[in-house]
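One structure is given below, encoded as structure tokens.
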Amino acid sequence: PAKSNTHKSYIIIKIKPKQHQSQVQKESYSLQIKPGRIVIKAADEAGVFYATRTLLQLAASATDKQTIPCNSIKDTPAYPFSGFMLDVGRKFFPISQLKDYICRMSWYKMNQLQLHLNDQAFHGEHYAAFRLESKTFPHLTAKDGFYTQQEIKELIQYATDRGINIIPEIDAPAHAMSILDMAPELNNEKLQDGQLDVLNPKTTQIMEQIFDEFVPLFPSPYFHIGTDEYRFKKSTSTEDRKAFAAGFCNYINHFNKFIRAKGKEVMIWSGYDQMTG
């Protein structure tokens, strides 16, 4: 066991940075447990952190809580991206609960937390929420639960300290009833509830302002813009459907370019079952 005759044990951490590391290399580590001495070797802080999770797990599972079994471990992630998504748009989760999720994720060495920050109720119920404090559009912010921008900054740091990146998601042009509640002129009667009219130039204008405010708030290399389940009413003509489908495609391409220009990789959903082209 890693317990010497002098009852003193040492944990030695060795970080040897590598140039142009992949995510898998960043999180890889080796862990050697010998009597009185534990050596952690990794390429950066992420690998060290994951090694400490393994060390804690060994301690938690040890029969004798005063000792840890001697062992030699080399650990490399099977996947560079290990994620969990939480819909805080339909149901508000306080910051304390988000921190609890982050701690649980770090225990299992997960590295991506996607926050689905706006959405609306199912089955035609008129409920919608946008969970970020907006200084550009104060009326956009949900009244029954939201995160201040300072709270988000602190949560990001809390997650970063535990090896987790927070991916923000602002879902539009569907799932956007909270935006329509603020700007009803973006509605179109030919679309299902909660859908922004992508043929209306003001939709692009308002969404650009929203992304201008929130893309810089998150240091994540990824930004998710939703784009799923954009759908028409059954009575919408074939000609109108083709026009909306083309506008929807233009919306995705425009905001891919718009947000990539801010230094982010853009993520989107699928769900184009009613789209052509």
**OP:** Give me the distance between the Cα centres of segment 95-129 and segment 211-277, rounded to whole Å.
**Re:** 21 Å
Subject >> Eligible lysines near residue 65 by straight Cα distance, threshold 21 Å, same-chain separation 8 or greater >> reply: 3, 8, 34
Subject >> Under 5 Å, built H, 5+ apart or other chain: amide partners of residue 274 >> reply: none
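Over the chain, give the accessible area per residue in Å² for a 1.4 Å probe, as an integer.
Working: 14670 Å² over 277 residues.
Accessible area per residue: 53 Å².
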Subject >> Sequence-distant residues sharing a close amide H with residue 171 (under 5 Å, placed H) >> reply: 117, 118
Subject >> Accessible area of the chain belonging to carbon and sulfur atoms, whole % at 1.4 Å probe >> reply: 52 percent
**OP:** Multiply the residue gap between residue 261 and residue 12 by 0.36 nm, knock off their C-alpha separation, and tell me the result in nm, one decimal place.
**Re:** 85.4 nm
**OP:** Mind ranking 256-262, 86-92 by how tightly packed they are, going by the mean number of other C-beta atoms within 10 angstrom, highest first?
**Re:** 86-92, 256-262
Original post:
Measuring from label point to label point, each 7 Å out along Cα→Cβ, what is the residue 73 to residue 185 span in nm?
Top reply: 5.9 nm
Original post:
So who's got an amide H within less than 5 Å of the one on residue 267, skipping anything under 5 residues away but keeping other chains? H placed 1.01 Å off N, in plane.
Top reply: 223, 224, 225
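The values are calculated or read from the model by the stated rules, or taken from the named source; none is laboratory data. These numbers come from a predicted model, not from an experiment. So basically every Cβ, Gly included, is an ideal-geometry build from the backbone, and we count neighbours across all protein chains shown. Heavy atoms of the whole protein, side chains included, go into the accessibility calculation; ligands, DNA and RNA do not. Shrake-Rupley method; radii C 1.70, N 1.55, O 1.52, S 1.80 Å.
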